[in-house]
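Coordinate-derived values only; no laboratory data. What you are looking at is a predicted structure, and each value in this text was computed from that prediction instead of being measured. Note: ideal-geometry Cβ built from the backbone for every residue, glycine included; neighbour counts use all protein chains shown.
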Amino acid sequence: MKRARTAVVIFPGSNCDHDVWHVWQRVLGRPVEYVFHTSTSLAGFDAVVLPGGFSYGDYLRSGAIARFSPIMQSVVAFAKAGGPVLGICNGFQVLTEAGLLAGALTRNRTLRFECRDVHIVAEAGGSMSEHSPPGTVLRMPIAHADGRFVADAQTLRRLEGEGLVAFRYCEERGAVTDAANPNGSANGIAGIYNDARNVLGLMPHPERASEEVLGCTDGLAILRGLADLAAKRAA
């Protein structure tokens, strides 16, 4: 039986690619390979992760230059064919710039880089949410200056109405409050799905909350969801 292969895309300035690879290979025990931004093919892969970092130095806008990397044509085609794609932090920003996810990620309302643990509550049932059903509260770190999710009123209504909001920032017990929102995101949104629910963008870092030595394993709920999808696709 074929083992599912996951691609971790590396852009100039990515700095969480090794973290994702480590969790995939050494914690989950799943095959994983790096794919560089100059590549033009995702042939043979069953899932794709766009990791966090500062692609191309975050010049212009976060993710705006990475969106034009050669590999992104293949990422878009892979996603449109139903392939599971996870964008973490800067990866989320790249996915919005590429048009695979709605809205945009802008400067935090504090105008500061925010680096701390937050809580998020699962909202929508989606393809990567099998291990975090609605109401599940997860703790994991954020590390971003441009994490404030924004969208026009019509887009927000569609995301809410169609159940595409995957996670919201919340208090430890799950209450969604403005005080728990670290960056001023509209409606407390921390992550969203695309219409087909095979593409997930998430600002917090699940790979940094995936081992006991790090003090928390809540992030595995999301990463296992993606790994399960990859296995189904490879079967």
D_trans [Stokes-Einstein, Kirkwood Rh over alpha-carbon pairs] for the stretch 3-123, 25 °C, 0.890 mPa s, µm² s⁻¹: 165
DSSP beta bridge pairing in the chain, given as percent antiparallel to the nearest 5: 60
- prompt: Amide H of VAL118: which non-local residues (sequence gap of 5 or more, or other chain) have their own amide H closer than 5 Å, using H built in the peptide plane?
  reply: MET140, ILE142
- prompt: How do PHE167, PHE113 rank when sorted from fewest to most other Cβ atoms within 10 Å of their own Cβ?
  reply: PHE113, PHE167
field: Using θ = phi - 60° and Karplus 6.51 cos²θ - 1.76 cosθ + 1.60, couplings along the stretch 191-208 (whole Hz; Gly, Pro as x)
entry: x, 9, 9, 7, 4, 7, 6, 10, 10, 10, x, 9, 6, x, 9, x, 5, 8
Förster radius 45 Å - calculated FRET efficiency between LEU60 and GLU211, Cβ distance, rounded to 0.05: 0.80
field: Under-5 Å amide H pairs with PHE54, H placed in peptide plane, nonlocal only
entry: SER14, ASN15
field: Approximate shape of the chain as ellipsoid semi-axes (Cα gyration tensor, √5λ), whole Å, largest first
entry: 24, 20, 17
In order through the stretch 89-96: 3J(HN,Hα) via Karplus (6.51 cos²θ - 1.76 cosθ + 1.60), integer Hz, x for Gly, Pro: 6, 4, x, 4, 4, 4, 5, 6
